[in-house]
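Okay, structure first, notes after.
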Amino acid sequence: MRCTDVGELLRGGKAWARAVLLQLLCAAEPALPPRSCDRRVQRRVQRRIQRLLQQLDGHGEGAESAERAEAIYVAWQVFEESYHLDLHNSTTFISLLARHSRWAEALDVFAGVERRRVPDVVCWSAAISACEKGSRVEDALDLFHAMPRRHLKANVFSYSATISACEKLGHWQQALSLFAAMPAAQVEPDVVTFNTTLSAVEKGAAHWQFASALFEAMPAANVCPDLISFNSAISLCEKFGVWMQALGFWRAMTTQQIAADAVTFGALLSAAEKAFQWQRALEIFAAMPASKVEPNLICFNAILSSCENMGMWQEALVLLASLMQMRLAPDFITFNAVLRSCEKQAKWPEALHLCRMTQEAEVADTTAVNATIGTCDKASQWRWAIHLLFNMQAAQYHPRSWDFAIEACLRSGMWHAARHVRAARGRLGWASD
């Protein structure tokens, strides 16, 4: 089998044994002697390997990705042993393995390079990127700080990869420290560097003013913020509840003609809800179709929370129906927001229907049951309150559920039923009033 068939085999997702792959790769150029001293022969070998690497390239998912990664690693072992790969091809192997999250194998390739020569900054950056893909922040930092000892000057890719490794594990202080060191190292950050630093600050829940400072530094570096930059900044503002700052970033996006996406709107809606700007949240949600953005579950949950706070139970039910028509799966946050909207207005038939829906969706929790029993309490539907209490396990292990049921009985003058519920609560070990 010739090496031109490698891409077809991989695309077909067929599982083939290691021995078969070894035979395939060794047959790629049988006429070429290994470790030839002829420079022309060496260049020809490296070009053949480069073409094979292009066929091995590809993302893939699941089992296909695992097979592809194994093929890449075995290919490196064969060609490194037989032909001594040049630096360019070794770096390509590291990048391909990193793309498939095989950081250990990528570092094995990097160690093989180090045994024979000093890697250049591109190869070194690829190794740092492999650590980043594997969330190996300490390894990434060790590699980065080892560069000066090998007389290598870190470039923007080295910095971006190391900052990204810090970002993945929420080490925002280290990310900021690396970013702050770039001017002294005479390395100009690009939009990727800014975005990874912004993301690190956002994931680490650092103060929102760090985002503002990074945005202010962009023009001096001749960098224009993109969608990722704005989304990180707005998400950070949402976490700190600084609604006006989040709105300011959104307006800046519009001024710079950067189209918002569902992540942007989700963060904005959450920021508005946390700042009690419920009417503004409704206006932002209504603006999504004009922006040609389809709301995701995060957007729906945020706007449903605003509806809950405003007592807009009918609107909440309409939104729930809309998200289900869009084939989005509501979670416990979705149902609980709609249930609490109904509870505030004592809409017990709707609450009972929603409670059944939570059971069918297997997302029923104590909050959902308590909201439903509370709704029955407000509507003096004592029978339904007791029915829920004794038929939903989530209610029986929370004291507030019993309180709601007892209050529903008392509100309706059903003293005997209230005593019965108190006695049942005592038998389960809950203290009586």
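Numbers below:
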{"read-out": "Pairwise label distance in nanometres, ARG419 with ARG356, each label 7 Å out on the Cα-Cβ vector", "value": "3.4"}
{"read-out": "Residue-span extension gain [MET244 to HIS145] - 0.36 nm each, minus C-alpha spacing", "value": "31.6 nm"}
{"read-out": "Whole-number percent relative contact order across the stretch 232-366, with pairs defined as alpha carbons under 8 Å at least 6 apart", "value": "18"}
{"read-out": "Contour excess over end-to-end distance, with Cα ends at ALA329 and GLU114 and 0.36 nm allotted per residue", "value": "72.4 nm"}
{"read-out": "Convex hull volume per residue for the stretch 63-183, taking Cα atoms only, in Å³", "value": "88"}
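A short reminder: the numbers here are calculations on the coordinates, not readings from a lab. None of these values were measured; they are calculated from a predicted model. With ideal geometry, Cβ positions are generated from the backbone for all residues, glycine too; neighbour counts draw on all protein chains shown.
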